[in-house]
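Accompanying notes for the structure given below.
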Amino acid sequence: MAATGQLTRKAAGVPFDPVTMLRVAIVAATLIVWEALSRSGWFYRDVIPSLWSIAKAVYALLTQGTFYFDLGVTAAEIGAALLIGGGLGLVAGILLGGSRFLSQAYETYLYYLGPTPKIIFFPVMIMWFGVGPESKVALGALSCFFPVALSVAAGMRQIDKVLIRVGRSFRARPWQMIVKIYLPAMRHPIVNGIRLGFGVALIGTLLAETKLSNMGIGFRIINAYSTFDIPRMYAMLIVLFVLAIAVNALIGRLGGLGAVKR
Amino acid sequence: MADPILVVDDIVVSFDTTEGPIAAVDHVTFDVRPGEFLSVIGPSGCGKSTVFNVIGGLLSHSHGIVSVSGEAINGPHKSIGMVFQEESTFPWRTVIDNVAFPLELNGLPRRERNERAKHFIAMVGLAGFENRYPGELSGGMRQRVSLARTLASEPKILLMDEPFAALDEQTRLLLGDKVLQIQQQLHQTTLLITHNITEAVQMSDRILVMTYRPGRVKRIVEIHLPRPRSSDIVSSDAFGHYVAEVWSDLREEASRGMEDAERHALGTAGEAS
Ligand SMILES: Nc1ncnc2c1ncn2[C@@H]1O[C@H](COP(=O)(O)OP(=O)(O)OP(=O)(O)O)[C@@H](O)[C@H]1O
Ligand SMILES: [Mg+2]
């Protein structure tokens, strides 16, 4: 399995192989269609701005200090949400996965609550934590708690039992069992949970920012929209999109390090 | 003769199954002397792994006492090192970090534990593979890593549960040689669980034959073959004689096991139709 993974990865690294060409083709096609629609005049002014005006807006955005401030605010909110929600999710997952009793009692709740859109709790978060970043962190943390907890609980049950017996036979203390056996044995489900958690924390935080706030990327996007600065809105969406992909790839890379080695 | 280092006294283990409690191990008593190599042999399902887990302190028993150097055990004992039947290396650790694992648990500083780990890696013939991951090794090499890891904890008693069962014949023979060599070099007290007669006769001072369900001690056979031994001994007359002797004891039990399995298969087939 590992070997085929390496092979395909190598094949993808060749500059002009079919896969890369298909990838480039779809991006190019999207850009061409976009530009054609923009020039067609079928849409109301600026609904589909020209590529050039978007490029200019991206440039303006990236050379502007205020954008980075908002980006920082949002990133910090998401980071805090991941830390809090992911940390609690990890602990909850270990408890649920480790005890059949607890999992029977609570895990169904998690399954039902997990996919429920957490934005419905935003009014509650505002009441508890105010309109500032705290309520966004709370919503993001709530969002990412569930996938991390469920993923870790499942991972905990999939640990090769013999590895636990090895630890016990060497008389590892409970703390050593967790740090040296349970956590590394669950590295793939944990990374996977964090990846899913990052996605929903991003959604939760941005959505909350668009609803009620005075800073952050979500706020700026909705602001650009309501002042009809559509190129700028698209510019922010593009930058955000690229960043989200980059972070996802980074998380995957971190978890993938050991994956090649069985 | 020296006092036994390990005493298994009247152990009973029963499991709750859907058909009620069944006795897997029934009043098993034996002992192991310091420096001795004892094999436990018996047909599949006779309770060998159960005995192994009880001695290792990983499974509680309903009756009897296991004691090490006169002290009754209560959970995993520091003088006992276990090598498991299943693949048990940590896939996220390199060979050296796998072998250093027990030393790491004891808080040995990195440099020292690596040095000692290297020593045991060389002993099982894996020098040069220190920085590989288990996924990059063959099954036989991984089993050697497990063995080195257990040896690194320097147990007074080495317990092994069919460590070579999953390997091909040639690898098994060569690994058997390695174990013999290590055992003779360290004067390691060893308890080997196996269902391979040749392996048992080749390595052991004594062989304990277990009965099939419930698992009892059928007989203990003393093997008076000269040491040091290697796999060459397989061709000697005395060797063949011992193999025949153990097989005559084991045959009855093994065929009872087969009949049982057939009856079971027929029974379930009958239910299904
Ligand atoms: N956890 C368990 N629950 C119920 N029955 C069990 C359990 N573990 C083992 N048994 C039963 O106890 C008996 C002895 O099992 P054990 O694993 O000790 O056999 P074994 O001699 O090691 O077999 P093998 O050579 O196939 O490894 C078997 O009949 C098995 O079905
Ligand atoms: Mg077994």
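Taking a ≥ b ≥ c as the square roots of the eigenvalues of the Cα gyration tensor, the stretch B:155-197 is classed as oblate, since a/c reaches at least 1.5 and a/b does not exceed b/c. Its alpha carbons considered, the stretch A:79-123 gives a radius of gyration followed by a Dmax of 12.2, 35 Å.
The distance linking the stretch A:15-60 with the stretch B:3-56 is 73 Å (Cα centroid to Cα centroid, whole angstrom).
Of the candidates A:A55, A:A75, A:A149, which one comes out as most mobile in a Gaussian network treatment of chain A with C-alpha springs shorter than 10 Å? Of the options given, A:A55 has the highest mean-square fluctuation.
Under a 5 Å amide H cut-off, with hydrogens placed 1.01 Å from N, B:H63 pairs with B:V12 among residues at least 5 apart or on other chains. Here the stretch A:84-167 was treated as a single set of alpha-carbon atoms; its pair distances binned every 10 Å from 0 give 18, 40, 27, 11, 4, 0 percent. When the Cα positions of A:Q64, A:I159, A:I194 are compared along the charge dipole of the stretch A:58-261, A:I159 comes out farthest toward the positive end, with charges on each C-beta of Lys, Arg, Asp and Glu.
Among the helices of chain A (complete DSSP H runs), which have Cα atoms covering no less than 30 Å along the helix axis and a Kyte-Doolittle mean of at least 1.6? Long hydrophobic helices here: A:230-256. Springs between Cα atoms under 10 Å define the GNM used for chain B, and in it the highest mean-square fluctuation of B:R132, B:R111, B:R206 occurs at B:R111. Relative contact order for chain A: 26 percent, from Cα pairs under 8 Å spaced at least 6 residues apart, divided by residue count. Helix B:169-186 and the longest principal axis of the C-alpha atoms of chain B enclose an angle of approximately 60°.
Placing +1 on the Cβ of every Lys and Arg and -1 on the Cβ of every Asp and Glu, with no other charges, gives the protein assembly as shown a dipole of roughly 2080 debye about its Cα centre.
If the convex hull of the alpha-carbon atoms of the stretch A:22-137 is projected onto planes in all directions, what is the mean projected area in square nanometres?
If you wrap the Cα atoms of the stretch A:22-137 in a convex hull and average its projections, you get 12.7 nm².
Both the radius of gyration and Dmax for the stretch B:1-94 are 14.7, 46 Å, in that order, over alpha-carbon atoms. For chain B, what relative contact order do you get, as a whole percent, if you take Cα pairs closer than 8 Å and at least 6 residues apart? Across chain B, relative contact order equals 24 percent. Taking a point 7 Å out from the Cα of B:Q181 in the direction of its Cβ, the residues of the stretch B:129-148 whose backbone N falls within less than 16 Å of it are B:129, B:141, B:144-145, B:147-148. Our helix-only sum for chain B, with -39,500 (n - 2.57) per DSSP H run of n ≥ 4 divided by its residues, gives a mean residue ellipticity at 222 nm of -12500 deg cm²/dmol. Of A:F129, A:F101, A:I32, which is farthest towards the positive pole of the protein assembly as shown's charge dipole, taken about the Cα centre with +1 and -1 on the beta-carbons of Lys, Arg and Asp, Glu respectively? After comparing all options, I get A:I32. Based on C-alpha pairs under 8 angstrom that are at least 6 apart in sequence, the stretch A:120-262 has a relative contact order of 28 percent. Kirkwood's formula applied to the C-alpha pairs of the stretch B:190-250 gives a hydrodynamic radius of 12.0 angstrom.
Note on B:I65/A:L183: beta-carbon distance plugged into 1/(1 + (r/R0)^6) with R0 of 60 Å gives a FRET efficiency of 0.95. With q set to 0.14, 0.17, 0.19 Å⁻¹, the log10 of I(q)/I(0) for the stretch B:122-273, from the Debye formula over equal scatterers at the Cα positions, is -0.80, -1.05, -1.20. Other protein chain C-beta atoms within 10 Å of residue C-beta, averaged over B:90-97: 4.
A full extension of the chain between B:R256 and B:T18 corresponds to an added length of 83.5 nm, given 0.36 nm per residue minus the alpha carbon distance. Label zone of B:D3 (point 7 Å out along Cα→Cβ, amide N under 18 Å): in the stretch B:51-81 this covers B:65-74, B:78-80.
Extension gain, A:D46-A:L243: 0.36 nm per intervening residue step, less the Cα-Cα distance, totals 68.4 nm. Considering every Cα-Cα pair within chain B, what fraction, in whole percent, is farther apart than 34 Å? The share of Cα pairs beyond 34 Å in chain B comes to 21 percent. Checking the cross-link pairs B:K78/B:K156; B:K156/B:K218; A:K136/A:K211 against a 18 Å limit on the alpha carbon distance flags B:K156/B:K218 as lying beyond it. Taking a quarter of the surface of the Cα convex hull of the protein assembly as shown gives a mean projected area of 35.5 nm².
Under a 5 Å amide H cut-off, with hydrogens placed 1.01 Å from N, B:F37 pairs with B:T190, B:D205, B:R206 among residues at least 5 apart or on other chains.
Measure out, as a whole number of angstrom, how far apart the alpha-carbon centroids of the stretch B:151-228 and the stretch A:166-182 sit. Result: 28 Å between the Cα centres. Kirkwood-based Rg over Rh for the stretch A:109-235 (C-alpha set), two decimals? Rg divided by Rh gives 1.17.
Relative to the longest principal axis of the C-alpha atoms of chain B, give the angle of the C-alpha long axis of helix B:110-123, reported between 0 and 90° and rounded to the nearest 10°. Its long axis makes an angle of about 60 degrees.
Quick one: check the C-alpha center-to-center distance for the stretch B:59-130 versus the stretch A:69-122, whole angstrom. What the calculation gives is 37 Å, centre to centre. Applying the Karplus relation 6.51 cos²θ - 1.76 cosθ + 1.60 with θ = phi - 60° to the stretch B:200-206 yields 3J(HN,Hα) values of 4, 5, 4, 9, 8, 8, 9 Hz, where x marks Gly and Pro.
Along each principal axis, taking the top coordinate minus the bottom one, the Cα set of chain A gives 72, 55, 33 Å in descending order. Available extension along the chain between A:D160 and A:N214 is 14.5 nm, counting 0.36 nm per residue and deducting the alpha carbon span. Got a sec? Charge dipole of the stretch B:141-191, +1 on Cβ for Lys and Arg, -1 for Asp and Glu; which of B:Q183, B:T150, B:T171 is way out at the positive end? Ranked along the dipole, the leading option is B:T150.
Taken together, the values in this text are just the output of simple stated rules run on the coordinates, not laboratory data. As the structure is a prediction and not an experimental result, all values here were calculated from the model. Using ideal geometry, Cβ is built from the backbone for each residue, glycine included, and neighbour counts are taken over all protein chains shown.
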